[in-house]
Every structure is written in C-alpha cells, then in structure tokens.
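Since the structure comes first, as structure tokens, the remarks are kept for the end.
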Amino acid sequence: MTDLRTDVRASWHRFLDVYEPLRPDLYRYCRHLTGSPWDAEDMAQDAMARAFVTLGCMAEPPANPRAWLFRVASNLWINHVKRDRYGGEPPDVSAHSDPRAAREAAGTLLSQLAPQERAAVVLKDVFDFSLAEIADTLATTPNAIKAALHRGRGKLIDPEVEANPVTPAVLDAFCAAFNARDLDRLTALLLDTTTVELPGLVIEYGAAAAKAGIFTGTLFGCPDEEHAAPPPMRSEIRAHRGESLLLWWWGDEVDTIVRVALDGDRIARMRSYYHAPEVVAEICGELAVPHRSHGHRYWSQP
C-alpha cells in the first residue's frame, strides 16, 4: 500500500519547486499587512499551505503564480481582520498580544488602515501592481481601488518607539547553560509540556524531545552532518521592540533568532527562525548584527 504521507510530501516538494522562489516577496507583502515580522512569517506559511491545497482543486494552474499567491494571502488577511473586528473598526495591531510597535520594515505604520486600504497601498506603493492587478487580487474594481488608495494614503502615521524590556532571569540562566553546553541545565529550564518549533517545518514536544533534538543538534552537530566537530555556538539576549529575543551565534554571525514564551520561571515555548531567512535578515538588520542565511527547507535542495 502506498504511503500517503510520502505522496503528499513529494507533491509538497514539487509545489515548492515552483512557488518557493516567490517566498521572499510573499513575506514582504505579509510583513506590510501584519506590521510584525513574526505574524508575517506565520501568515506566509499559512498562505503557502492554503495555496498548496487550493491548487489541487483548480481545473487549471494560475496564469500568474505571484499575483495568485498574493491573492491567497490577501484573503487570509482580510478574513483574519474580519474575525477580529470589533464595532466595525479596523483592529489596532499594537493592542494585540504582540507587544512590539506595529510598523512596516521601512518604518511606516499601517495599522490604522482598513484591510482593503492597507492591501491596496502595499500592492501599489511597494510592489507596483497596476490598478487592474490590484482589483483582481482583492476581487473588486479599479475604481474601488482608487478610492481605497486615496483613503489609505491619508491615514498613515509614524510609529512610536517602545522601551526595552526587563530580561527575565530564566533567559539569563538559559544563555549560561547554552554557552556551557550543559544539556541537563538547559532542559531543567523547560516545562515537561514545552514545545520547540521551527515554524512550518518541525515541532518537538516536551523537554526530552528538545534535549535530544534541537539542543543536541545545535550545540554538538546533527548526526548526519559531514563535520562532526561541535559548532562554535553561543546564545545571547537582545532587546527588540519591547521583547527579549535569543540570538544564537555561529562564530561571528547570528545563526538563528529564537522567540521564547514563559510560564513563571520556566520556558513554555520556543520558536527558532533558522529556516525563515527573511525574518532573520530583517531583525538582524535592525539590530545591526551580521547573520548567516539559510533556506526555507530542512531537506536537501534538488
């Protein structure tokens, strides 16, 4: 009997051969819509997954894959806003659970715009779509897009700068254990229910899985790596837009960025953006630190 998981994975890999080159532009688009690099990465992952499923139901492949992928992302964004809308007003991104200031990579705040206005402004001013292309992407008319652009451009405001956070003691303890390559001390800082995730790729459940998986691989090298010598990894804490992030360095370059959620004096969740090169490039650029760039896949490229 054919392994269904193997067939789906093979189809997903073929899908990525066509659509993965569009991933940087998709991330940029999502970044402008959401106002957050973390939300943009999640939205881009969701858009790729939705596009993969939708493509299997289409009689013909899209004539313009880039514009179609943006349409999938636009629908996800507008539906998300509709679910969060209260009293008919567009949501305030800065009031969400993400404490960082909501802004574009270029520094312009778009959180005051209605969803169609925001999408129209980004597609026109950032990606230089024509009015007809924007109308097709947002399933409306060129005249409606003209009106949305006029309204949206009049609402843009400057972002506010947030203060640096106070670093929790558990993160200091984590960095000390990480830099000492002490796996037991590392895992003692996690809950039994902790999840460690590479968004869209891998999730490890529990402290034991994290110890055997990402911690061992990061500190001592993966078993299938050509070079068995432990990489010169170290961890440090950096403040970024009101949040304490972990930077994992490989020599003189940041190898990945890790977000951490806490439960009391323990780590409840870790998300490593090793395979999210757009996120790593943006955050490291804002922190003015060098970084290594990795692809979106953990398996070998053809």
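A few notes on this one:
- Scanning the stretch 261-283 for residues that are in contact with a Phe, Trp or Tyr (Cβ under 8 Å, 6 or more places away or on another chain) and under 15 Å from Ala173 (Cα atoms) returns a single hit, Ile267.
- Qualifying residue in the stretch 9-17 (condition: under 23 Å from Val258 (Cα atoms), acidic (Asp, Glu), out of contact with any Gly (no Cβ under 7 Å at 6 or more places or on another chain) and at pLDDT 85 or above): no
- Any hit, the stretch 274-297, residues being outside the structural domain of Asp17 (by TED's automatic domain parsing), assigned to a strand (DSSP E or B), modelled with pLDDT under 85 and of a type outside the set (Ser, Thr, Tyr): no
Residues checked against (1) within 30 Å of Trp12 (Cβ to Cβ); (2) modelled with pLDDT of 85 or more:
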residue: Val166; (1), (2): no, no
residue: Asp184; (1), (2): no, yes
residue: Ala209; (1), (2): yes, yes
residue: Phe215; (1), (2): yes, yes
residue: Cys222; (1), (2): yes, no
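- From the list Glu89, Glu104, Glu133, the one residue that fits, being at pLDDT below 55 and within 22 Å of Leu26 (Cα to Cα), is Glu104.
- Lone unmet requirement of (1) more than 16 Å from the chain's Cα centre (by Cα); (2) buried (at least 19 other Cβ atoms within 10 Å of the Cβ); (3) closer than 30 Å to Arg9 by Cβ for Ile257: (1)
- In the stretch 240-254, residue surrounded by the fewest Cβ atoms within 10 Å (Cβ to Cβ) [restricted to those that are acidic (Asp, Glu) and part of a strand (DSSP E or B)]: Glu253
- Residue match in the stretch 9-22 (condition: under 26 Å from Pro115 (Cα atoms), aromatic (Phe, Trp, Tyr) and in contact (Cβ under 8 Å) with a residue 60 or more places away in the chain): no
- Scanning the stretch 23-40 finds one or more residues that are in a helix (DSSP H, G or I), in contact with a His (Cβ under 7 Å, 6 or more places away or on another chain) and among the charged types (D, E, K, R).
- Residues (within 29 Å of Ala208 (Cβ to Cβ), buried (at least 18 other Cβ atoms within 10 Å of the Cβ) and in contact with a His (Cβ under 8 Å, 6 or more places away or on another chain)) located in the stretch 260-296: Tyr274, His275, Ala276, Val280, His296
- The set of residues in the stretch 243-252 that are under 19 Å from the mean Cα position of the chain (by Cα) and either more than 18 Å from Arg269 (Cα to Cα) or of a type in the set (D, E, K, R) (or both) contains only Glu243.
The values are calculated or read from the model by the stated rules, or taken from the named source; none is laboratory data. Bear in mind the structure is a predicted one, so any value in this text is a computation, not a measurement. Neighbour counts run over all protein chains shown; Cβ positions are idealised from the backbone, glycine included.
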